[in-house]
Amino acid sequence: MSGGAHTGSILTIDLDAVAANYQTLRDISGSAEVAAVVKANAYGLGVDRVAPVLNDAGCRTFFVANIAEAYELRSLIPPAEIHVLDGLMGQPPERFVARNLRPVLNTPDEIETWRSVSAESDRPLPADIQIDTGMARLGLTADEAETLLARPDWNREMAIDCLISHLACADEPGNPMNARQRDAFAKLMPRFEARRASLSASSGMFLGEDFHFDLTRAGVALYGVNPTPDTANPMAQVIQIQGEILQVRFVDTPQTVGYGATHRVTRPSKIATIPIGYADGYPRSLGNTGIAVIGGRKVPVVGRVSMDLTTVDVTDVPDELARPGALVDLLGPGNDLDDTAARAGTIGYEILTRLGSRFERRYIENGNAGPA
């Protein structure tokens, strides 16, 4: 079976699964609208392919990180409602107005800047405001919010579309901080007189209806990461990583494998080498801890993961399966994204967003598989 035409590595992205995950999150969110977060090139999977599929699935509201991402998304889906999480970032606000973008205003200065631009316009210009209810990251502090709200004319000539905050511990349902943030948000919400309110991203949707408000923000769950780590993953898996075996080497004691001689064989063994390494986003920390799947059998990653190559022990795999040119699954059925991330000591977000450019990308859409 042949893999990538030039690299021997294949990344398969199931767009049908992305659409199915969006529908699952709509069902969970009840009456709340579900926006899609497509920042960081749709979490590394290709915003040019992912965003149109989400639009076809009924998504009309999108969030990105910065204005460059917003410009790209505007060219892909002209009628989309696009919100920019990092705010104005010192950019001329006219750049947002020209592309009909909605900045998430995170500081009093940004709010005043947008108010001035809105006052000069022939209509109030929509924007969001973020309040910090516990992340200590972006958004107005409690004191800044009170100072702003004490001014009777603070929102004159402005159109506040969405009041936003972000949960710090949403993937821990029993953490009391979730309720504290929800209550703080709900208390401030009516005073801002925003058109709608949004607190929950992927994991927050599963905390209950009182966390949904008017708009939820579907992020990493769209791409197959488990938003409920303590229970079975409700999301369909989206990606699969496969590599062709380049070579099978027979080794015996006292031989070692890879840089640093970190793996020493203890019996006559077969070691298969695959052309995928940390330059492709396969974490170096999976050396001697990761697993792969070949012919339905799990096999261990042995030795260190290097820049371009990974070695696996295929001693117990029949020769007809463990041969040059055969495909090995480094991530996929039987070895999903969350399991791989846990073995690497990281999270699924990081693996997704670090996927390299050398893979032959194949997309599944409407049941059909094809190249990017």
What are the extents of the Cα atoms of the chain along their three principal axes, in Å, largest first? 80, 42, 36
For the residues VAL299, VAL117, VAL64, what sequence is obtained by ranking on other C-beta atoms within 10 Å, fewest first? VAL117, VAL299, VAL64
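What is segment 238-371's relative contact order, in percent, from Cα pairs under 8 angstrom and six or more apart in sequence? Walk me through the intermediate numbers first.
Details: 280 pairs, mean separation 36.2, N = 134.
Relative contact order here is 27 percent.
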Antiparallel DSSP beta bridges within the chain, percent to nearest 5: 50 percent
Can you put SER200, SER118, SER9, SER31 in order of Cβ neighbours within 10 angstrom, beginning with the fewest? SER31, SER118, SER9, SER200
Integer Hz, Karplus 6.51/-1.76/1.60 couplings in order for segment 229-234, x for Gly and Pro: x, 8, 10, 4, 5, x
Considering the Cα positions of segment 31-223, please state its Rg to one decimal place and its Dmax as a whole number of Å. 16.1, 48
Length-normalised contact order of the chain, Cα under 8 Å, at least 6 apart, in percent, tallies to 19 percent
Proxy reagent accessibility, fewest Cβ within 10 Å first, across GLU94, GLU157: GLU94, GLU157
What translational diffusion coefficient, in µm²/s and rounded to a whole number, does the Stokes-Einstein relation yield for segment 244-372 at 25 °C and a viscosity of 0.890 mPa s, taking the hydrodynamic radius as the Kirkwood radius over Cα pairs? 162 µm²/s
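Since every read-out is calculated from the coordinates, none of them should be taken as a lab result. Here the structure is a predicted model, which means the values were calculated and not measured. Neighbour counts run over all protein chains shown; Cβ positions are idealised from the backbone, glycine included.
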